[in-house]
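Encoded as structure tokens, the structure appears first; notes follow it.
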Number of protein chains: 2
Amino acid sequence: MNTSIHGMKRTAWCGELRAADDGREVIVNGWCDRTRDNGGVLFLLLRDRTGIVQCTFDKSVNADLFDIAFGVRTEYVLAIKGKVVRRDERAVNKKMPTGEIEIVVTDIRVLSKSETTPFEISDDKEVNDQLRLKYRYLDLRRPSMQNNLALRHRVTQIARNYFDEQGFLEIETPMLQKSTPEGARDYLVPSRVHPGKFYALPQSPQQYKQLLMLSGVDRYMQITRCFRDEDLRADRQPEFTQIDLEMSFVEQDDVIAVNEGFLQRVFKEVLDVDIQLPLPRMKWKDAMDKYGSDKPDLRFGYEIQDISDIAKDCSFKVFSGAVEAGGTVRLININGAADKFPRKEIDKLQDFVKTYRAKGLAWMKLAGDGKMTSSFAKFLSEDEVEAIKQRAGAKDGDILFVVADSDWQTAVTALGALRCELAKRLGVIDPHDYKLLWVVEFPQFEYSEEENRYVAMHHPFTAPMDEDLDILESDPAKVRAKAYDIILNGCELGGGSIRIHSTETQARMFRALGFTDEDAEARFGHLLTAFKYGAPPHGGLAYGLDRLCMLLAGLDSIRDVIAFPKVQNASELMTACPSEVDQKQLDELHLAVTEVEK
Amino acid sequence: MNTSIHGMKRTAWCGELRAADDGREVIVNGWCDRTRDNGGVLFLLLRDRTGIVQCTFDKSVNADLFDIAFGVRTEYVLAIKGKVVRRDERAVNKKMPTGEIEIVVTDIRVLSKSETTPFEISDDKEVNDQLRLKYRYLDLRRPSMQNNLALRHRVTQIARNYFDEQGFLEIETPMLQKSTPEGARDYLVPSRVHPGKFYALPQSPQQYKQLLMLSGVDRYMQITRCFRDEDLRADRQPEFTQIDLEMSFVEQDDVIAVNEGFLQRVFKEVLDVDIQLPLPRMKWKDAMDKYGSDKPDLRFGYEIQDISDIAKDCSFKVFSGAVEAGGTVRLININGAADKFPRKEIDKLQDFVKTYRAKGLAWMKLAGDGKMTSSFAKFLSEDEVEAIKQRAGAKDGDILFVVADSDWQTAVTALGALRCELAKRLGVIDPHDYKLLWVVEFPQFEYSEEENRYVAMHHPFTAPMDEDLDILESDPAKVRAKAYDIILNGCELGGGSIRIHSTETQARMFRALGFTDEDAEARFGHLLTAFKYGAPPHGGLAYGLDRLCMLLAGLDSIRDVIAFPKVQNASELMTACPSEVDQKQLDELHLAVTEVEK
């Protein structure tokens, strides 16, 4: 059997043939999507990465060709030669981009055969995730997956060309790095040459990109793999990809401006969506107050309102007690949805907000008929109820949800989560709406109960805002950072900061974080040394490429934009890795496996 | 001290200012390269990644500015505002691209200070390698290193844009892979979630890229990091970068053609060198016969000649005995270099060829005065000597070197190495000459004395040449592969092959390699399964990016084109990695370090 491609190489892509190609002699290469025998005329749909085209074999014209085609099964690999002809009016298939034509076949070669696949290669069939991942190479044949791979390629091409135009150099930083005990868990790589010593895979190129700024590179970018050995949540991968960049001699506005240009281009070229610049910016405090989130979704309303001033003296202890304890009472108004929430539903929402540490959920329903029911109104004066309704802009048909808590952040976070959950349930979100914004003025520190000290919210090299430098030691909780996140539809696309470039400020920062000089030296020694030899002002940003592609593709899981993803337990089903290795390999590394429970 | 860049941001790059900028008000940002006080006028050379510009401070004009500049030391980071003015005729510095102008300073800000650097930031100073790598961020400030980083960026941009235009998709393959006991040693990554199991870092994306072809991707490329835990030779790094690609529905000529287009563009855009296409191709056997190497350097002659037919019956047993044993007698003619090789030098060359396993080196010198001296001529007839001279095209002033060996490959390899060594010593190589060629028709197998079987010269998925399929089992030594290497000036830039896409041929290949079905399944199971579901004809190629950049930059070490390289013992001097890790980290991985000898 001749399985060579010689003499039968592609002259046209399946999915690109149109009526204008009428009369053209072509060769197409691809996979048999399916065949249909129509009594002496056989239709064979051939698929390549561009789409599907119909090839026809007429037994009465050429019985030999017909017989070969008759023996072809799904997923056989074929080279087909023929003439493009317009279909009869009746035979036009408007659902197929190539539906106006077909190829009248003059030659066919079977390049390789296929056993019956474990699932059908089609976007119309739901396939179990485990099976999809075990046979990922088959899953990737589906048109939607081909599109996802192509989209990801386009996004990275746009990124590289845009940043190149802006004077950025792509520079590769090491994958075998020094392990630092900060942040998430490192993946370790034992060294054979240095027994007992280990490399770590990078969690991000943070330190190297700052060193590149100290090297005078001025503008660095890299699309690079990063690794975190975390307990995997649904949307996390042990290895993921960042678009990483850093710039010298800049302030926050400069980093933001160059990235807005990038985002505008990506949205235009990938989705043909025009993004208006400059993007809105929102202070972290305002985002939390209004949306209960540092990544607010602006595609819908339901903003959080503060009613502490109204509720502080009411006789409902849940409200007044919260305010008295230094806390707050907040609400959201879910307009026009009063009739969507019978008591049972509201009870479930109680459970929902409790997962966000709220103690409960109060509510007030304004039925269409003017009647009001509420879990708390009876404890309030008529004036207080009126004032709340007015604050909420409540009309008939609305339902208000209220959370009171002695901790401001708990109250707004719970309502913020509820806000998003209800918007999703009520279907008020337009999936083709893209709301980008910057969240700025993040707190420099957050208090770690576990470590009983302030820790850096971003990392210890993030510069504090100039206005807050004076209170770095006296009132750390109030210090804001030159940090910024870029948010799309409630998801964090990326984030970054201006870094500290003054050794004095860096020393103050380490003290504020409770590091001794020895601590700082042990953790960041080479970086601190480097800073002694002339550090330019600098800052940068990193995008999560997987998530960016997922959102651009309108998908729910980053797995669908990664060619060979891992599953929740960090294993890859296709190759069955990780796996056991030879004792010889372990011996060479001077390693022994201890107490493995099966 | 105000160390903010605010209000003092770059409006011009140091190295780009020219006479045409005369009169322009600019702000430049960078590092102080050096200062020179000329009695009341201070010259400060400011450096950024584009070059150096002279800034002048006149005490009589502005004593405050002068005093600040006077306090500036080498490597301080500065923002300088001023007016570009043409220098006096006498003051023009033709060695500097900016030497026709200077900046008359109206403002200066010290953004950060610098301690005295461990070495001077200059291309004119030789610095100890260890010191360079320990303070790599300072080493990278040198103009030559900045150029190397920029060149590498350009090469990768060209690659990505070229292959994008050619319909290739860049697709990321996993870094955390399954360990396979083939080839070089894997770097292992212990899994915390699966105690006792390990990932491996990729030695190349070979299997994944073939799986992508089975996925219908059609044209894949990736610039990606690869890892080999080998004992490092001078020019190897534990992590290195490949430009990796694979194509479906193609033959060798197609892969070669698309890559010739790439190489032509790289040489044009990076070096402004025109490469004529198609590139020459040389069969592996011819390359070995003529150049004693599968990566022949074509920038000079000294080709190897076969004189076995002349020497086979001579009375010099070294020659005739070699032929009798099935071997060969070969020579190279080093034209016009007879007087460069006194007896002592020739003795040293004896040692040189012995490192290539040759038993000795015979020679014949034709002095300028017509006198001939030789180590072997006395054993030969006059006719035999004449025939040899004629075969070698020997003229007065030439020197011939002869190696006889019972093993053909030993003889040509030793002479091939000698050929290159002497060309280098005699300075006959033009460093600005670029001789590219393809070496094709590699042997499919090489015999492994160690394993006492034939092993794949490339890898077990490389397709044999169609003409040799029949002798796969009967005469494996003669089977040639559809494999090709691209060679530049005696260095391998890359290599690849057409892969087997027929399950029958693959099964025969495994048998020829002595694998049982179980062996094959255990080693390559998921790939073999994948091949059952319709495999297109496919093939590809991978370039060593580090080496490509090194050669394009005219350098001798790949370290100089890697931002943060490792040294011979696989450690990085700057961060001192690999390093010991916390016991807690090892415990989480269920690992213990065994018997470490200090």
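Just so you know, all these numbers are worked out from the coordinates, no wet-lab data involved. What you are looking at is a predicted structure, and each value in this text was computed from that prediction instead of being measured. For neighbour counting, all protein chains shown are included, and Cβ atoms are generated from backbone atoms with ideal geometry for every residue, glycine included.
Couple of notes before you dig in:
- Entries in A:Lys81/B:Lys478; B:Lys290/B:Lys354; B:Lys285/B:Lys482; A:Lys268/B:Lys209; A:Lys424/A:Lys482; B:Lys290/B:Lys435 that, when Cα-Cα distance is taken, lie over 25 Å: A:Lys81/B:Lys478; A:Lys268/B:Lys209; A:Lys424/A:Lys482
- FRET efficiency estimate (nearest 0.05) - Cβ-Cβ, A:Asn161 to B:Phe119, R0 41 angstrom: 0.65
- The fewest-to-most ranking of B:Cys577, A:Cys314, B:Cys491 by surrounding Cβ atoms within 10 Å reads B:Cys491, A:Cys314, B:Cys577.
- B:Asn62-B:His459 pseudo-label distance in nm [points 7 Å out on the Cα-to-Cβ vector]: 6.2
- The relative contact order of chain B comes to 13 percent, based on Cα pairs under 8 Å that sit 6 or more residues apart.
- Near B:Ser320, once Lys and Arg are set to +1 and Asp and Glu to -1 for all other residues with Cβ below 12 Å from its Cβ, the sum equals -2.
- Projected over every direction and averaged, the convex hull enclosing the alpha-carbon atoms of chain B yields 37.7 nm².
- Counting only aspartates and glutamates at least 8 places from A:Lys125 when in the same chain, those with an alpha carbon closer than 20 Å to its own are A:Asp33, A:Asp48, A:Glu75, A:Glu115, A:Asp139, A:Asp556, A:Asp560.
- For the stretch B:300-426, the alpha-carbon radius of gyration amounts to 0.95 times the rule-of-thumb value 2.2 N^0.38 Å expected for a compact globular protein.
- Of A:Lys268, B:Lys209, the sequence from fewest to most neighbouring Cβ atoms within 10 angstrom is A:Lys268, B:Lys209.
- Helix axis angle, A:517-531 relative to chain A longest principal axis, alpha carbon, degrees: 60
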